Structure formats: C-alpha cells, structure tokens
Amino acid sequence: MPAPAEPPSARTLAVRQQIGRNIAAARLEANLTQEGLAERAGVSRDTIYRIETGVRAGRIDWYIAIAHALEADLAELVRSGRPLT
C-alpha cells in the first residue's frame, strides 16, 4: 500500500490561491458565474469552486479548458506574481 501523500507546503497553497484569484477575476471580467464557466469548460461547478479557492490543484487539462472558455492566455491565469525559486 502506498504511503499517504504529504500535504502541500504553505508556498504551494499560496500559489494555488493566487491562480484561483486570477481565474476568478477573469471569470468575473467575462461576466460568468462559476456554473457558466464550468459549463463552457466542460468541468463541474465544484471543480471551478475548488480551483478558485485553492482547495484543489487542478489537472492541466482543466486549466487549458478554463483558459479556452475564458478566451484567456493560460500563462496569465497561472501567473503567481512572484518568482517560484
């Protein structure tokens, strides 16, 4: 049986939350609800909520679909605003 995964570091959580804020801001700018974005991106509203709040790390496919649904640049959505080094 594999060992349980370690919880994400505080730094990882902070970056997740920043990405979530970026996505939420782009969604609001596009005048979309979480449900509307989820429908356009082909994911659940719960997935959008979890990504926007940083509760869950999304799969790269989800981020690509969200960027496409928002007609946004993926790099801009995942920009954390600070170096990751």
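The values are calculated or read from the model by the stated rules, or taken from the named source; none is laboratory data. Because the structure is predicted, anything quoted here is derived from the model rather than measured. Glycine gets a Cβ as well: all are built from the backbone with ideal geometry, and neighbour counts include every protein chain shown.
Computed values, structure above
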| read-out | value |
| --- | --- |
| Looking only at the stretch 35-85, and only at residues there that are assigned to a helix (DSSP H, G or I) and of a type in the set (Ser, Thr, Tyr), the one that is farthest from GLN18 (Cα to Cα) | THR47 |
| Count - residues of the stretch 6-34 that are surrounded by fewer than 13 Cβ atoms within 10 Å (Cβ to Cβ), more than 14 Å from ALA72 (Cβ to Cβ) and at pLDDT 95 or above | 1 |
| All positions within the stretch 1-38 that are more than 14 Å from ILE66 (Cα to Cα), in contact with a Ser or Thr (Cβ under 7 Å, 6 or more places away or on another chain) and among the hydrophobic types (A, V, I, L, M, F, W, C) | VAL15 |
| Some residue of the stretch 52-67 being among the hydrophobic types (A, V, I, L, M, F, W, C) and either surrounded by fewer than 12 Cβ atoms within 10 Å (Cβ to Cβ) or touching a residue at least 60 places away in the same chain (Cβ under 8 Å) (or both) | yes |
| Residue ID - farthest from the chain's Cα centre (by Cα), chosen from residues in the stretch 57-85 that are among the charged types (D, E, K, R) and at pLDDT 85 or above | GLU71 |
